[in-house]
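Here is the structure we will look at.
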Amino acid sequence: MAAHLQDSYGQGYDSGFNAGYDRGYEDGFRQGFEAGRAGNGFSGTSIVIPTYNQLDCLRQCVESIRRETPEPHEIIVVDNGSADGTREWLHGERGRLRYHLNDANRGFAGAVNQGLRMARGATIVILNNDTLVTPNWLSNLLACVYSGPQVGLAGPVTNYIGGEQQIDTGYGDDLDEMRRFAAAHNGGDPAKWRKVTRIIGFCLMMRRDVFHRLGYFDEGFEIGNCEDDDYGLRARLLGCDLVVAGDTFIHHFGSVSMKALLDRFDEVYGRNLDYYSRKWEDPHSLPAEIGETGVLRHMCDFYPSHVLVRGCGQRPYWIEGGVRYGLEAPPPDLEPVRVSQLDLKGWPAAGMLTPGEVEQRRALLTSLPPSHPLPDGSCVTAGDGRVYQIAGGRLRRFVSELAVERWGFAGRVVRVEVSRIAHLAPGLPIIAPPVLHNPHL
């Protein structure tokens, strides 16, 4: 565990709230944040809880955090337009937790992203409202995520979930017995940590440096389902491990908000599964394709070159050669691709370009004489059904048609002979950027 976290534990924090909480609340929540990232960070953990109705679950979840979490932390609740008294209850908790109230259901990804933007902690936990945390849960997860730079996302085991994180418990519905089970289970044993290929978002921890490289959840996944699979895959592309902390157990009532959809559940799940398939097409091959385990990357390493983007403001930037150039105005009839501020800041700043210079650079990419070498930024196909971009002297494959469309290359792909690209070494694949409906990310 990082020394700065160990030091903070011994400084007399009261019930997990640091001494500067009130000042941080004022500066952070009421006055706003630097675009795209929270200010006034502290060495504890931000616990982000998205919620939609289910007040009883939320209340029990928050009470369990206060009871079982002596480490420095802040609780952030993002409500998706509840109509069951949740909003009134949150108003009554003012000063004990931070919250954001949406007028409509922004979905799991949308709510989580708002909470991530508000978070000030050195570590961040995304926690379902239908969970109960248990003794040593946070200290065990902290030990896991700080055990090495390769650890990207970590999560506990539980009684009710799909995949490798579900374990047999035997306590049934008896919550008193659950607490006894958890107290015996959560002894802290790194030998029980295991690397996995999928981790589920009911309880997910990451360090802030991982979040800054990985960015926000994809809001193209509506309501809920599949967004955690997407996030985990992106973490693996960065060179990060997904780790199940088998020495950490929390209770999960089980998809309470999603079950409330009843007849809409299959519709929502089907739509999100379709979006996941269109975005990735063949996700299982990607981690093996990029190779070089141990290399830690930034999400923008998987974005194309020679593209116009913007962050949460209106100012456009031209991306070329792994850096960003500022523009005073966008070229005519060219809409920048929306990326997050975190992604935008992943490209080092370079100089300034005029709209005319950008137009000239774009024009070179669609006029490719057969006798000339293909210039960097060219978007080509050789008739094998795949689309590539030449960047840095390498051939980079777009992982899906959706990625080609989202980056605005759909009408700029040039057909070339295989011989013109066969000599190029493969580069990192190009993926679609996350959909961001929130204008402040």
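The distance between label points at residue 422 and residue 357 comes to 3.9 nm (points 7 Å beyond Cα on the Cα→Cβ vector).
For segment 47-101, the alpha carbon positions stretch 32, 18, 17 Å along the principal axes, listed from largest to smallest. Taking amide H atoms as placed 1.01 Å from N in the peptide plane, list the residues 5 or more away in sequence, or in a different chain, whose amide H sits under 5 Å from that of residue 100. Excluding prolines and chain starts, which carry no amide H, the hits are 77, 78, 79.
Can you show me the helix-derived [θ] at 222 nm for the chain, built from DSSP H runs with n ≥ 4 at -39,500 (n - 2.57) apiece and divided by the number of residues, rounded to the nearest 500. All intermediate terms of the calculation are to be shown ahead of the outcome.
Working: 15 runs with 128 residues, N = 441.
So the calculated ellipticity at 222 nm is -8000 deg cm²/dmol.
The length gained by stretching the chain between residue 366 and residue 328 to full extension, at 0.36 nm per residue less their Cα-Cα distance, is 11.2 nm. Taking 25 °C and 0.890 mPa s as conditions, the chain diffuses translationally at an estimated 106 µm²/s according to Stokes-Einstein applied to its Kirkwood radius (Cα pairs). Here the contact order of the chain, divided by its residue count and restricted to Cα pairs under 8 Å and six or more residues apart, works out to 14 percent.
At 10 °C and a viscosity of 1.306 mPa s, what translational diffusion coefficient does Stokes-Einstein give for segment 307-441, taking Rh as the Kirkwood radius over Cα pairs? Give it in µm²/s as a whole number. Walk me through the numbers before you get to the answer.
Working: Rh = 15.6 Å.
Translational diffusion coefficient: 101 µm²/s.
Once both labels are modelled 7 Å past Cα along the beta-carbon direction, what's the residue 410-residue 264 spacing in nm? Label at residue 410, label at residue 264, 2.7 nm between them. Relative contact order of segment 356-441, taken over Cα pairs closer than 8 Å and 6 or more residues apart, is 28 percent.
Under 5 Å between amide hydrogens, built in the peptide plane, is the criterion, and for residue 320 it picks out 306, 325 among residues at least 5 positions away or on other chains.
If you plug the beta carbon distance of residue 198 and residue 314 into 1/(1 + (r/R0)^6) with R0 = 41 Å, you get a FRET efficiency near 0.60.
Considering only Cα atoms, the convex hull volume of segment 275-340 works out to 127 Å³ per residue.
With the Cα gyration tensor of segment 394-441 giving a ≥ b ≥ c as the square roots of its eigenvalues, does the rule (a/c under 1.5 for rounded; else a/b larger than b/c for prolate; else oblate) give rounded, prolate or oblate?
Working: a/c = 3.97, a/b = 2.13, b/c = 1.86.
The shape class here is prolate.
Stretching the chain fully between residue 91 and residue 349 yields a gain of 88.7 nm (0.36 nm per residue, less the alpha carbon separation).
Express the Stokes-Einstein translational diffusion coefficient of segment 189-253 in µm² s⁻¹, to the nearest whole number, given a Kirkwood radius over alpha-carbon pairs, 20 °C and a viscosity of 1.002 mPa s.
Working: Rh = 13.0 Å.
My calculation gives 165 µm²/s for D.
Only the Cβ atoms of Lys and Arg (+1) and of Asp and Glu (-1) were treated as charged; on that basis the dipole of the chain about its Cα centre amounts to roughly 1180 debye.
For segment 105-149, what class follows from the C-alpha gyration tensor (a ≥ b ≥ c being the square roots of its eigenvalues): rounded when a/c is under 1.5, otherwise prolate if a/b is larger than b/c, else oblate?
Numbers: a/c = 2.77, a/b = 1.49, b/c = 1.86.
Taking the square roots of the gyration eigenvalues as a ≥ b ≥ c, segment 105-149 is oblate.
Between residue 103 and residue 401, the simple label model (points 7 Å from Cα in the Cβ direction) yields a spacing of 3.7 nm. Checking the cross-link filter: which aspartates and glutamates have an alpha carbon closer than 16 Å to that of residue 195, excluding same-chain neighbours under 8 positions apart? Within reach: 164, 229, 241, 247.
For a Förster distance of 51 Å, can you work out the FRET efficiency between the beta-carbons of residue 191 and residue 386, rounded to the nearest 0.05?
Working: r = 44 Å, r/R0 = 0.85.
Calculated transfer efficiency: 0.70.
Want the number for residue 147 to residue 175: 0.36 nm per residue separation, take away the alpha-carbon distance, what's left?
Contour length minus Cα-Cα distance gives 6.9 nm.
Where a number appears in this text, it was derived from the coordinates with a stated rule and is not lab data. Everything numeric here is computed off the predicted structure, so don't read it as measured data. Here Cβ is always computed from backbone atoms with ideal geometry, including for glycine, and neighbour counts include all displayed protein chains.
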